[in-house]
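Asker: After the structure tokens below, expect a handful of questions from me.
Every read-out reported here was derived from the displayed coordinates using simple, explicitly stated rules and does not represent laboratory data. Quick caveat, the model's predicted, so the values are computed rather than measured. Quick reminder, even Gly has a Cβ in these numbers, built from the backbone with ideal geometry, and neighbours come from all protein chains shown.
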């Protein structure tokens, strides 16, 4: 695989520090779910259903708060926008180990609403620091970094919760979350091209032709479309934005449904101890696929990649042993990071800079909706038809959403008239 695109990317001013900050700052969020589950079940002595309610409260809070926090970053700048997050998160996670069940639900909901927007801020900053022709590579690297974080962080959370205590693990989450907010405030990556850091970075970059818009032809480069310039609500209703948000919903549905199916398949086969390394292989496939996509020269529409992700998930339904499942989930993971990076790159290209923080927040909400639908739906299918049917449910649902979105996009494009072609003008010969 050619590494040149990544070397050129990391040489751009501000990019390597941003990537490293992102790897550290995302860890507390990635370990929160498993620690909350263990806290409710082990320390509070309640059931997994009640633990799911707590996790659901966090998810709902994130879905509600993400667009609002993104809008504050757009309007106030990063440092001022993060102050409420740092204050609320510090209070919530200091108190969380000492709260009863009902109060914990409320506190976790507030933590979701005010969650430090690490994911959206990093992507917003990459859109400023990186020229358009390198943004596919940048967002692919960001998705790969996210996969690595989710491979590492849950293991850290489980280790703290089981070897020390869940109260200690929740406290560590709080300290790390506040630390992530303070780290971002100190580093203050540019979120608009008008900031001095962004101006310096852009001035230091080598100018290059713009890459084809990911919302253009499925695999054929073409001239980029202008960003959507409608008002606060209008830009979200533009087809170019809606179909990409739909791709985010579909991708999250497939991924969370696959997660449930993996756990159920191994648990029913008496190999629950293999869950960790099988999921790690799934993430490893995503890392490889993301790196290859980011180093390539051709964009694919996010819905095409989500359709590929869904199709690659289906063979896992045929696995009958942990070894077969391991091979199948590596294949299922290959399109994952590529699809997520294409979603982010497309949203950045589709809206004006002043709306990027907000649209990144809506992207998080779309993923949350997909997760909220995918996990319980696939869980119901597993309960009724068996664990392997979960892979079929996730794959078929994702394919239906992706293909439906592509059909809608094709219909919308067919109804938009082509811009008039200016008549050719024959230059006059100068007199004499």
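Asker: Mind jotting down the distance between the C-alpha centroids of the stretch 355-381 and the stretch 83-129, whole Å?
Answerer: If we compute the Cα centre of each part, the gap is 17 Å.
Asker: Let me ask something additional. Classify the stretch 217-415 as rounded, prolate or oblate from the Cα gyration tensor: take a ≥ b ≥ c as the square roots of its eigenvalues, call it rounded if a/c is under 1.5, otherwise prolate when a/b beats b/c and oblate if not.
Answerer: Because a/c hits 1.5 or more and a/b exceeds b/c, the stretch 217-415 counts as prolate.
Asker: Hey, with R₀ at 56 Å, roughly what FRET efficiency would residue 324 and residue 24 work out to, going by the Cβ-Cβ distance, to 0.05? Present the calculation step by step, with values, prior to reporting the outcome.
Answerer: Values: r = 36 Å, r/R0 = 0.65.
E between residue 324 and residue 24, to the nearest 0.05, is 0.95.
Asker: Hey, another quick one. Please report, in whole Å, how far the alpha carbons of the stretch 1-211 spread along each principal axis, starting with the longest.
Answerer: For the stretch 1-211, the Cα extents along the three principal axes come out at 60, 40, 24 Å.
Asker: Treat each spin label as a single point 7 Å out from the Cα along the C-beta direction, and report the residue 44 to residue 267 distance in nm.
Answerer: Between residue 44 and residue 267, the simple spin-label model gives 1.9 nm.
Asker: Let me ask you something else. Using 1/(1 + (r/R0)^6) with R0 = 25 angstrom and r between the beta carbons of residue 162 and residue 98, what's the FRET efficiency to the nearest 0.05?
Answerer: So, using R0 = 25 Å, E works out to roughly 0.80.
Asker: At residue 407 and residue 187, where each label point lies 7 Å from the Cα along Cα→Cβ, what is the point-to-point distance in nanometres?
Answerer: With each label point 7 Å from Cα toward Cβ, the separation is 4.3 nm.
Asker: Residue 60 label point, 7 Å along Cα→Cβ, cut-off 12 Å on backbone N: hits in the stretch 71-105?
Answerer: Only 105 fall inside the zone, counting backbone N under 12 Å.
Asker: Please give the FRET efficiency for residue 414 paired with residue 298, using the beta carbon to beta carbon distance and R0 = 22 Å, rounded to the nearest 0.05.
Answerer: On the way: r = 24 Å, r/R0 = 1.08.
After rounding to 0.05, the efficiency reads 0.40.
Asker: Given the Cα-Cα distance of residue 175 and residue 75 and 0.36 nm per residue of separation, how much length would full extension add, in nm?
Answerer: 33.3 nm is the gain from fully extending residue 175 to residue 75.
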